[in-house]
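Contents: one structure, followed by commentary.
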Amino acid sequence: MKSISVFEIIKVGIGPSSSHTMGPWNAAELFLNVIRKDHKLSEVKEVFVEFFGSLAKTGIGHGTDIAGMLGLSGEDFKTIDTKKITEKIDAIKSAGTLKLGAEVEVPFVYGHHLILNMSKNLDFHPNGMIFKAIFNDGTELEQDYYSIGGGFVATQEETSADEVLTQTLYPCHHGKDVQFYCDKLEVSFSDLVYINEESWRTREEIDAHALDIWENIKNCIYKGVTQEGILPGGLRVVRRAAGLNRKLLGADNKYRNQAQWYKMVFDAETNFVNINKWISCFALAVNEENASFGRIITAPTNGASGIIPAVLMYSQAFTEFSGDDAVIRFLLVAGEIGTLFKKNATISAAMGGCQAETGVSSAMAAAGLTEIMGGTPGQVLMAAEIAMEHHLGLTCDPVGGLVQIPCIERNSMGAIKAITAANIAIESDPANARVTLDEVIQTMWETAQSMNDRFKETSEGGLAIAVNITEC
């Protein structure tokens, strides 16, 4: 088994869903490349995309249709001006045309060239889609893709991760591998990740990449705490992060930019209740941005994108374990824990329910925090296990097919659980642990396979049907 870079698990993304937005967007880009192999885009007469299963059932709420259209248009979710997404989609729908790969106009009628097929699943994976191109000479090209979580895309033969997988110096595919190599080399968890990450990039590049992610996290949180109003989609969910931020800063709520706000948070009153509220504020801010097609950090998915930012911001603002080195080591360890779940279970809610998203992210954050608190490799693994253990069986039941209820609040809860898990682990002897991280990952996967499909991001079970709102 080859290794996955931590920066494939923690990366720049766009809301509202890694599997339902970023995955289809990436699939559209891959399909354009398949066309370009043997044809010119100018030879395409028509292009079609059909979404199946979970992608169709929660497609509108997750922006799957929007992702398909923008991906085929050659837009990049890492650079697109998120404020212009609605304008671009309205233009495609009103014109009945799409500029394929940003090169050539082709007819594109919503509901004909793009279909959400809610009555059929593709066998390979619940998040299936089929792209088809018809050329001017009458020939056709068709390719199926599957969004497998975290923005990764697969065909039945290969995944989009294959090209970035490699053999590392000390392969860590299970928690026991991490413990073995840390003991053998007499290094910390983050030192081991550093060594393996040098299979992809230099140490200087690792640091720069991690700190760029940190800048994106701070930008996202700041944007979230300065935005008021109603989240899009029709549920009329009111943004709460800005109001909470205002109450916590009180009379000092006078800042002109991110740097000033950041300093005010650092200088804020640090009693238990306030810190607890700040953690929730950070998580809410990120996930409200995610729900608004904002630019976020996928970690390991978008539905769980608020947990790691909340815990990392907590560590920097309210603990002694701060500074660039701590940020880098936190992210390296958190990302490596994410790879263990990716390789041995799933990070897709359509496959494993919300335990595969907020559960995994909470485990990642707990491990990262324990690392910078000075935890041993055993304590780091223990923290990840504790956090995941208390998310086992968590279903994915988005109301109205939107990543809002209960998703946004679940990130706040996941962040608190991560911090609690870290605090328990740092005061514990891993030798006395009765459950290992590898065992809890295996249990999570078995739970996922036994879970009824209604509770796996289909909006057909749980709160999604208890709250009587049709998909928006």
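The values are calculated or read from the model by the stated rules, or taken from the named source; none is laboratory data. This structure is a prediction, so every number in the text was calculated from the model and none was measured. Cβ coordinates were reconstructed from backbone atoms using ideal geometry, including for glycine residues, and neighbour counts include every protein chain displayed.
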(request) Among the residues of the stretch 343-366, count how many are within 11 Å of Glu457 (Cα to Cα) and among the hydroxyl-bearing types (Ser, Thr, Tyr). (result) 1
(request) Might you let me know whether the stretch 369-392 holds any residue that is crowded, with 24+ Cβ neighbours inside 10 Å, acidic (Asp, Glu) and either within 15 Å of the chain's Cα centre (by Cα) or not in a loop (DSSP other than H, G, I, E, B) (or both)? (result) yes
(request) Could you give me the residue pairs with C-beta distances under 6 Å whose first residue belongs to the stretch 121-135 and is closer than 13 Å to Ser348 by Cβ and buried (at least 19 other Cβ atoms within 10 Å of the Cβ), whose second residue is of a type in the set (A, V, I, L, M, F, W, C) and modelled with pLDDT under 95 wherever it lies, and which are 6+ apart or on separate chains? (result) Pro126/Ala350; Asn127/Leu55; Asn127/Ala350; Gly128/Leu122
(request) Output the residues belonging to the stretch 346-381 that are closer than 12 Å to Val311 by Cα and of a type in the set (Ser, Thr, Tyr). (result) Ser361, Ser362, Thr370
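Condition check ((1) small (Gly, Ala, Ser); (2) within 26 Å of the chain's Cα centre (by Cα)) across all residues:
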residue	(1), (2)
Phe272	no, no
Trp278	no, yes
Ala283	yes, yes
Ala291	yes, yes
Arg295	no, yes
Pro300	no, yes
Ala310	yes, yes
Met313	no, yes
Gln316	no, yes
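Just checking, how many residues over the stretch 74-96 are of a type in the set (Gly, Ala, Ser), in contact with a Phe, Trp or Tyr (Cβ under 9 Å, 6 or more places away or on another chain) and crowded, with 16+ Cβ neighbours inside 10 Å?
The total comes to 0.
Of the residues that make up the stretch 306-328, is at least one in a loop (DSSP other than H, G, I, E, B), buried (at least 22 other Cβ atoms within 10 Å of the Cβ) and touching a residue at least 24 places away in the same chain (Cβ under 8 Å)? So that I can check it myself, show each step before the final result.
Initially, the stretch 306-328 is screened for residues in a loop (DSSP other than H, G, I, E, B), giving 306, 319-323.
With the extra rule that they be buried (at least 22 other Cβ atoms within 10 Å of the Cβ), the set shrinks to 306.
Okay, now just the ones that are also touching a residue at least 24 places away in the same chain (Cβ under 8 Å), so 306.
Yes, because at least one residue in the stretch 306-328 is in a loop (DSSP other than H, G, I, E, B), buried (at least 22 other Cβ atoms within 10 Å of the Cβ) and touching a residue at least 24 places away in the same chain (Cβ under 8 Å).
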(request) Take the stretch 257-276 and flag every residue that is without any contact (Cβ under 8 Å) to a residue 12 or more places away in the chain and aromatic (Phe, Trp, Tyr). (result) Phe272
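May I ask you to say which residue of Leu116, Leu122 is farther than 16 Å from Trp25 by Cα and touching a Gly at 6+ places or on another chain (Cβ under 8 Å)? Please lay out each step first, then the result.
Details: Leu116 fails: farther than 16 Å from Trp25 by Cα.
Exactly one of Leu116, Leu122 is farther than 16 Å from Trp25 by Cα and touching a Gly at 6+ places or on another chain (Cβ under 8 Å), namely Leu122.
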(request) Please specify each residue of the stretch 26-45 satisfying the condition of being touching a residue at least 60 places away in the same chain (Cβ under 8 Å) and closer than 22 Å to Gly63 by Cα. (result) Asn26, Ala27, Ala28, Leu30, Phe31, Leu32
